[in-house]
Amino acid sequence: MSTPASETSAEARSLLTVQRRVGAIGFFAVIIHGVFGLIGAAHVIDGQGRHSDATLLLVMSGVFGLVTFAGVRLILGRSLWSPFWIVLSLLPTVVAFIVI
């Protein structure tokens with residue numbers, strides 16, 4: 001029994017959507033460690049009295065956050081302009097600037 005072409009096409013689109021989401025989650029899970037690692041390193045370096053170096057690491061964590069945002073949005077095939085998600089991607093860095 002064969003399936004109509006429209007059902008096969010819908011299944012292919014659904015499979016592509018699932019593949020994109022799984023890829024985006026995997027990418028996010030790997031690269032977010034870099035963001036939190038830079039924040040942790042900045043905290044340790046700030047404790048050593050090297051405030052300018054800690055600030056630089058925090059700025060780099062913000063850049064990593066934006067790269068994470070852009071990568072996930074590109075993998076999902078969505079527009080890069082999304083103010084809510086841009087702010088959310090910078091939230092860990094902003095909190096770190098306040099705490100450190």
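A short reminder: the numbers here are calculations on the coordinates, not readings from a lab. All figures in this text were calculated on a predicted structure; none of them were measured in a lab. Cβ sites come from the backbone with ideal geometry, for glycine too, and all protein chains shown count toward neighbours.
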| task | Evaluate the relative contact order of segment 5-99 (contact order divided by residue number), counting alpha-carbon pairs under 8 angstrom at least 6 apart; express in whole percent. | result | 31 percent
| query | Along segment 26-33, what does the Karplus equation 6.51 cos²θ - 1.76 cosθ + 1.60 (θ = phi - 60°) give for ³J(HN,Hα), rounded to whole Hz, x for Gly and Pro? | reply | x, 4, 4, 4, 6, 7, 5, 4
| query | Using +1 on the beta carbon of Lys and Arg, -1 on that of Asp and Glu, and nothing else charged, what's the dipole of the chain about the Cα centre, debye to 20? | reply | 160 debye
| field | Most mobile of Ala54, Ala24, Ala41 in a GNM of the chain (Cα contacts under 10 Å) | value | Ala41
| remark: If one compares the long axis through the Cα atoms of helix 83-99 with the longest principal axis of the Cα atoms of the chain, the angle in degrees, nearest 10, works out at 20 degrees
| request: Could you tell me how many degrees, from 0 to 90 and to the nearest 10, lie between the Cα long axis of helix 51-76 and the main elongation axis, the longest principal axis, of the Cα atoms of the chain? | output: 0 degrees
| Under a GNM of the chain (C-alpha, springs under 10 Å), which listed residue has the highest mean-square fluctuation: Phe64, Phe84, Phe28? | Phe84
| task | Quick one: Debye curve from the alpha-carbon atoms of the chain only, equal weights, vacuum; give me log10 I(q)/I(0) at q = 0.14, 0.18, 0.23 Å⁻¹ to two decimals. | result | -0.61, -0.83, -1.09
